[in-house]
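Colleague: Structure incoming, see below.
The values are calculated or read from the model by the stated rules, or taken from the named source; none is laboratory data. Just so you know, these numbers come straight off a predicted model, no measurement behind them. Cβ: placed from backbone, ideal geometry, glycine included. Neighbour counts: every protein chain shown.
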Amino acid sequence: MGVRDFDLIQGTLDLLVLKCLGTGANHGYGIALRIHQLSEDALRIEEGSLYPALYRMEEQGLIESEWGVTENNRRAKFYSLTRKGRSVADAELDSWLRLSKAVTRVLRALEQGA
Amino acid sequence: MPLRSPRFLRRIIAVFRWNVQDADMDQEMAFHIDAMTREYVRAGMSEADAARAARKRFGNVRRHKEAGHDVRTAHLDQLLGDLKSGVRQLVHARGFASVALITLALGIGVNAAVFAVVKSVLLDALPYPDADRLVRISGGAATQAGTLGPLSAGTVSDIGERQRSFTSLAAFTALPLEATYGSESGPQVTTITWVEPQFFDTLGVAARLGRTFRQDDAINGLVPLSGGLAAQETGGRVVLSHRAWTRLFASDPNVIGRDARVNSVTRTIIGVLPDGFVAPMGQVDFFLAFDRAPVVANPITARRSQWLGLIGRLKPGISQDAGAREVERIWSELVREYAADNGSLTMRAMPLRTSMVGDTRAPLLVLMASASLVLLITCANLAASLLSRALSRKKEFAVRAALGAGTSRLVRQLLTESTVLAAIGGVAGMLLAIVALDRISDLAKGALPVYAEPSLDWGAILATSALALCTGVLFGLAPALSVSRSETQRTLRDESRGSSEGRHSRRLRGTLVAAQLALCVSLLVGAGLLTRSLWAMTGASLGFEPANVLTGIVTLSPRNYRDPQLWLQFRQQFEERIRALPGVESVATATSLPTAVRQRMGVSPEGTPATEAQPFVLSTVVSDDYFRTLRIPLQQGRTFGAQDRPDSPRVVVVSEGMARRFWPNGNAIGSRLRLGPDLDSPLVEVVGIVGDVRNDRARRDAEPMAYATTRQIPVPIITFMVRTKGDPLAVVKPIERELAGLDRGLPLQQVMTLPARLGDGLTGRRLPVLLMTAFGMLALLLATVGVYSLFASMTASREREFGVRMALGSRPGAIAALVLRQGIGWIAGGLVMGAFGIVIVARLVRDLLYQVSPFDPMTVAVSIAILVTCATLALLIPVRRATRVDAAVALRAQ
């Protein structure tokens, strides 16, 4: 099932983008594509929210951008993590894991109890 | 990590790079769509279908871009929003805004203007290199303490031989002389000074064109004559000041080597001084060089005639103090060795700057202090009004905090508002400063040292604005900060229940107002003391009647009037012609005007041993009608007349004070004495005693004065005084015609009425009085506004309380008493604090006072009365309002 309008919890998109850039610089399309693939087609990032998120995080100093060339020899804007962005990503990931574990635990207990 | 500019800078740049940013996003999104298209093609779609699908999938490019822009300029929008709301708030609160703006503008403007003047005099560098090492050495009679009296040529030579502290010393004629310059368009009055050749080297000033003097430029023959300084006018080479070069020679670049006729002698121009150079003795047009040696060689002129000023440059490493100590030591030797010559004289050394600042220092410091008081009042006033404004907005802040605005957001908004206020107030203040400086410079013209060129100091303006603002913001911010989230609920509840302002903040505001009153009363007392001094100075009799007297000067050129007999002749003809004019009551001539006598002569009553030091008296040479024209009363004996011929025994008329001092037994008439340095000179007889004339207006006692007659001592400089029946200025044209009838080449100089001339001499005294009074008024205005705004907002915030009281049966009188009691308490507190201020101000202005005690009860009482009256009036408006509260309306208002 392709979840197109999956409503990401606020901040989750940022976390996904940051972690995605953690493995190396990438352009907007590449980021969207990668998340789509890794989620096994479950997550589809809206372009309308991806770019504002990228610009906002650039304003906040979490990522920085530079024009570069893709493998196919095409000009694209590459985003990469700043030092600040890296530490924010780690902290966010931590709290996300704790939250999702807790939510899963609760849901699973309720399921079994029922 | 690459070096990046600070984020806020990038943000600002980003705004201006909108187009670049826009293109950037276009490209970025085009790439995205393109990449997707190829993905679809790979999945098997046709090229056209793939492109369409990709575009559809990506969505509205323009909307995405707009969202991007919004993200990037969010901070800017917020700033603009704050600015807008700041301006809106100020426009909305017009009363508050205008009070704050006027306060700011006045405080900043006044301070900037006064600081510009003070800085130009006390802080700006003198126009000489290494000016800290320059020293002025002055002398004069012991009675002349505090003025830059002249030295004798012998003393100058002695200092030169005995000193070890100076690399060079240079003497100059202590007072600039007037001379006529014969230009093509007619004679012009100019100023000349004789200097020793090393004068400019000592100051460290090089010529802009040509050169300054060398030793062989000096001519020997400059001789001080009794009855005024005069010279054998043979100096053949002159150096021009920059002013003379532009004014008289139209900045001719080839002026070197040209001829200049000064005092009818043709001289050669050898140099032009740089722009901005001002000689220590004042503005001078022509400098001439003289040689001291012949003067020292003559025993009569060597040590008994004081006419020279002296400057020196200290050797490196020698302090001003050490130099002064050495000069002092040399002087004590000279007093011992030449007791008869130097016994009644003094000598002292001081930094050249001190000598040039002169007696403007004390008034300027008083002015600066007064301006600072105005600034303090400004700060207090601004603080109080911002505080009361913030208090009245407490509820607004609470509501906003409740709706989710963070403390930092509120603080930022307040800061923006204050900055808007400061920017407008600062600009207004600057404009005011420009106008004020113009006025002050006008007023101070002639009272400031010659080198002073007041100009606005932007640093000072910024610092003043920042200070005023910081005070204000600190007080305005406090209430906003206190509305933190935890308190929001209470504030909201509090306000709606209608309680009054907290005791704590009310006390703070009261203290601010009391402080303003205290500063204000100090300023008023200072202004009052100075005003009374000036009244005493101008009101006290000078010993003559200046009203309806016209004065002017004619200088006979030495070339055309060589023979003293010609001087006498010219003088008599000139007097006769003026006397015959209609409207002229009487006419007199003299070497100088009353109150402007500069010549002092040693006096030895007959029988005094020659070894005894001569006491000095003022001396002037006057014509027969001098006493009648100026209405100086004859006390005893006679004045001068036809019987006093050049060949008859010399006579003098003495002042009452001189008669008392030298002949205490009342036998002055008929006594004989010697005047001047020459001990072999003939004895002169006292033939009359006239009333005292105060030569120095700032001193209450009259210095002893001796009058000789123009019939026996001819002088080539003719100062005339004409008493008229009507307007003195009406006879100026006729006098000019008569002068031209006698000699076309002589200009009429310094024509003025005597009262105007006397007023000129008080410019330096009038300046601090005028300005301090203006500052006092300003302070009064600010403090009154302060009292009003405090109580207006206080009663407004208590309206509900008053309403409740009225509803419970309180009478309007009781409520008025309640507010009044509080107001009078703060006013009294202000006066108590003011007592300290008065003590400080009295100490500050003590040196400028004349016949007024620093704690003059009258002045203090009047100042307090004025302040209390204004404060009470300001208080009555809110009181009236408080008593008119309609209980029903006030209670319903919530």
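Colleague: Restricting to region B:627-647, count the residues that are closer than 13 Å to B:Thr709 by Cα, part of a loop (DSSP other than H, G, I, E, B) and either in contact (Cβ under 8 Å) with a residue 60 or more places away in the chain or among the hydrophobic types (A, V, I, L, M, F, W, C) (or both).
Modeller: Residues in region B:627-647 being closer than 13 Å to B:Thr709 by Cα, part of a loop (DSSP other than H, G, I, E, B) and either in contact (Cβ under 8 Å) with a residue 60 or more places away in the chain or among the hydrophobic types (A, V, I, L, M, F, W, C) (or both): 5 in total.
Colleague: How many residues does region B:31-58 contain that are within 11 Å of another protein chain (Cβ to nearest Cβ) and farther than 16 Å from A:Gly28 by Cα?
Modeller: 0
Residue-wise test of (1) part of a helix (DSSP H, G or I); (2) out of contact with any helix residue (DSSP H, G or I) (no Cβ under 7 Å at 6 or more places or on another chain).
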residue: B:Ala792; (1), (2): yes, no
residue: B:Glu801; (1), (2): yes, yes
residue: B:Ser810; (1), (2): no, yes
residue: B:Ala816; (1), (2): yes, no
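Colleague: Moving to a separate point now. Could you say whether any residue in region A:38-55 is touching a residue at least 24 places away in the same chain (Cβ under 8 Å), touching a Ser or Thr at 6+ places or on another chain (Cβ under 7 Å) and either under 16 Å from A:Leu18 (Cα atoms) or surrounded by 17 or more Cβ atoms within 10 Å (Cβ to Cβ) (or both)?
Modeller: Within region A:38-55, none of the residues are touching a residue at least 24 places away in the same chain (Cβ under 8 Å), touching a Ser or Thr at 6+ places or on another chain (Cβ under 7 Å) and either under 16 Å from A:Leu18 (Cα atoms) or surrounded by 17 or more Cβ atoms within 10 Å (Cβ to Cβ) (or both).
Colleague: Follow-up. With the structure loaded, tell me whether A:Gln10 is within 12 Å of chain B (Cβ to nearest Cβ) and either at pLDDT 85 or above or out of contact with any strand residue (DSSP E or B) (no Cβ under 9 Å at 6 or more places or on another chain) (or both) or whether it fails that test.
Modeller: no
Colleague: Still on this structure, please answer the following. Residues that are at pLDDT below 90: list the strands (runs of 3 or more DSSP E) wholly contained in region B:656-709 that include at least 2 such residues.
Modeller: Passing ranges, in order: B:672-675.
Colleague: Does any residue of region B:80-89 turn out to be among the charged types (D, E, K, R), within 14 Å of another protein chain (Cβ to nearest Cβ) and crowded, with 17+ Cβ neighbours inside 10 Å?
Modeller: No, region B:80-89 contains no residue that is among the charged types (D, E, K, R), within 14 Å of another protein chain (Cβ to nearest Cβ) and crowded, with 17+ Cβ neighbours inside 10 Å.
Colleague: Give the residue that is farthest from the other protein chains (Cβ to nearest Cβ), with candidates limited to residues of region B:59-76 that are among the β-branched types (Val, Ile, Thr) and closer than 14 Å to B:Asp24 by Cβ.
Modeller: Once the filter is applied, the top-ranked residue is B:Val61.
Colleague: Of (1) touching a Leu at 6+ places or on another chain (Cβ under 6 Å); (2) not in a helix (DSSP H, G or I), B:Met350 satisfies all except one. Which?
Modeller: Only one criterion is unmet by B:Met350, namely (1).
Colleague: Say whether the condition of being under 30 Å from B:Tyr181 (Cα atoms), among the acidic types (Asp, Glu) and crowded, with 19+ Cβ neighbours inside 10 Å is met by at least one residue in region B:325-341.
Modeller: no
Colleague: Need pairs with beta-carbon distance below 7 Å; first residue over 21 Å from B:Gly429 (Cβ atoms) and within region B:443-458, second assigned to a loop (DSSP other than H, G, I, E, B) and at pLDDT 80 or above; sequence gap 6+ or separate chains.
Modeller: If the second residue must be assigned to a loop (DSSP other than H, G, I, E, B) and at pLDDT 80 or above, the pairs left are B:Val450/B:Val278; B:Val450/B:Gln283; B:Tyr451/B:Leu126; B:Tyr451/B:Pro127; B:Tyr451/B:Val278.
Colleague: Within region B:512-526, is there a residue that is over 29 Å from B:Arg700 (Cα atoms), touching a residue at least 12 places away in the same chain (Cβ under 8 Å) and either among the polar types (S, T, N, Q) or in a loop (DSSP other than H, G, I, E, B) (or both)?
Modeller: Yes, region B:512-526 has at least one match.
Colleague: Of everything in region B:298-324 that's in contact with a Gly (Cβ under 9 Å, 6 or more places away or on another chain), more than 16 Å from B:Arg136 (Cβ to Cβ) and among the small types (Gly, Ala, Ser), which residue is surrounded by the most Cβ atoms within 10 Å (Cβ to Cβ)?
Modeller: B:Ser305
Colleague: Another question, then. Could you count how many residues in region B:548-594 are without any contact (Cβ under 8 Å) to a residue 12 or more places away in the chain and among the basic types (Lys, Arg)?
Modeller: Qualifying residue count, region B:548-594: 2.
Colleague: Report yes if A:Thr70 is surrounded by fewer than 15 Cβ atoms within 10 Å (Cβ to Cβ) and hydroxyl-bearing (Ser, Thr, Tyr), otherwise no.
Modeller: For A:Thr70, the condition - surrounded by fewer than 15 Cβ atoms within 10 Å (Cβ to Cβ) and hydroxyl-bearing (Ser, Thr, Tyr) - is not met.
Colleague: Separate question: Does any residue of region A:59-69 turn out to be closer than 26 Å to B:Ala23 by Cα, at pLDDT 90 or above and more than 14 Å from every other protein chain (Cβ to nearest Cβ)?
Modeller: no
Colleague: Pick out the one residue from A:Leu99, A:Leu54, A:Leu81 that is more than 12 Å from chain B (Cβ to nearest Cβ) and under 17 Å from the mean Cα position of the chain (by Cα).
Modeller: Unique residue meeting the criteria: A:Leu99.
Colleague: Now for a different question. Suppose the filter is crowded, with 17+ Cβ neighbours inside 10 Å, at pLDDT 85 or above and either in contact with a Leu (Cβ under 8 Å, 6 or more places away or on another chain) or assigned to a loop (DSSP other than H, G, I, E, B) (or both); does B:Val295 pass it?
Modeller: So B:Val295 fails the test.
Colleague: Kindly provide the set of residues from region B:576-611 that are in a loop (DSSP other than H, G, I, E, B) and small (Gly, Ala, Ser), ordered by number.
Modeller: B:Ala580, B:Gly583, B:Ser592, B:Ala596, B:Gly607, B:Ala610
Colleague: OK, next. Within the group B:Ser496, B:Ser500, which residue is more than 30 Å from B:Ala179 (Cα to Cα), at pLDDT below 85, over 43 Å from the mean Cα position of the chain (by Cα) and part of a helix (DSSP H, G or I)?
Modeller: Just one listed residue meets the conditions, B:Ser496.
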